[in-house]
Each structure stands twice: as C-alpha cells, then as structure tokens.
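Below is one structure, written out as structure tokens; comments come after it.
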Amino acid sequence: MGELILQIIIGLSLIILGIINMKGNISMLHSYHRKRVKKEDIIPYGKKVGTGIIIIGISIIIAGVFTIFNYTSISNIILIIGLVVGTIIIFCAMFKYNKGIF
C-alpha cells in the first residue's frame with residue numbers, strides 16, 4: 001500500500017508540473033532545454049512538454065493501481081507504454097522548438 005501512495009504522489013507531482021508547463025511556465029525545465037526556444041514558441045513548447053509529462057504521471061498512477069491488484073505484468077506494460085509515449089512527445093517538442101535535446 002505504501003508503494004501505491006508513493007506512486008500516486010510521484011504521478012500527481014508530474015501531472016502538476018505538466019499543467020504548469022502547459023500554461024507557459026517552462027522555467028522548471030533545465031536551461032539547456034529552453035535556451036533556444038523563441039518567445040512566441042514558449043506556449044506551444046510548454047503544451048507539448050507538459051502533455052508528455054502528464055502522460056508519464058498518469059501512467060505511473062495507473063500502473064500503481066494495477067500493481068495493488070496483483071496485475072504486475074499489465075502494470076509494467078502500462079508503465080512502459082506511458083514512459084515511451086511521454087518521452088517521445090517531449091523529445092519531439094525539444095527537436096522542434098529547441099533544435100535538439102541539448
């Protein structure tokens with residue numbers, strides 16, 4: 001049960017961070033992730049990065065719920081899919097608006 005609580009806390013923290021990014025506040029991202037983003041692209045960049053972070057946060061919470069009901073294999077699949085999809089969205093945004101990862 002403690003693992004589920006920890007996963008919920010981590011997932012909710014990521015969801016909140018994603019919402020903050022989606023509103024255009026990208027200051028919590030590393031400076032090298034935002035140094036070449038143009039002023040007019042801050043909102044679209046924040047929305048895409050925020051979407052990826054929210055997907056990762058939701059997948060962590062859902063995976064925790066499945067783990068509690070002893071569906072570990074389903075939990076792992078959900079977590080892997082969420083991490084891959086979220087990371088791809090974030091990297092695509094970085095390549096588009098920051099012209100690279102670093």
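Can you give me the accessible area per residue for the chain, using a 1.4 Å probe, in Å²?
61 Å²
Given R₀ = 41 Å, FRET efficiency for Ile5-Ile88 by Cβ-Cβ distance, to 0.05?
E(calc), rounded to 0.05, equals 0.90.
First compute the accessible area of the chain with a 1.4 Å probe, then give the percent of it belonging to carbon and sulfur atoms.
Carbon-and-sulfur percentage of accessible area, whole number: 73.
Using the crude model of +1 on Lys and Arg Cβ and -1 on Asp and Glu Cβ, and no other charge, please compute the dipole size for the chain relative to its Cα centre, in debye to 20.
Dipole about the Cα centre, nearest 20: 660 debye.
Rounding to the nearest 10 and keeping the result within 0 to 90°, find how far the Cα-based axis of helix 2-22 lies from the longest principal axis of the chain.
For helix 2-22, the angle is close to 20 degrees.
The values are calculated or read from the model by the stated rules, or taken from the named source; none is laboratory data. This is a predicted model, so every value here is computed, not measured. Here the Cβ is made from the backbone with ideal geometry for all residues, glycine too, and neighbour counts use every protein chain on show. Protein only, heavy atoms only, side chains kept; ligands, DNA and RNA dropped before computing areas. Shrake-Rupley method; radii C 1.70, N 1.55, O 1.52, S 1.80 Å.
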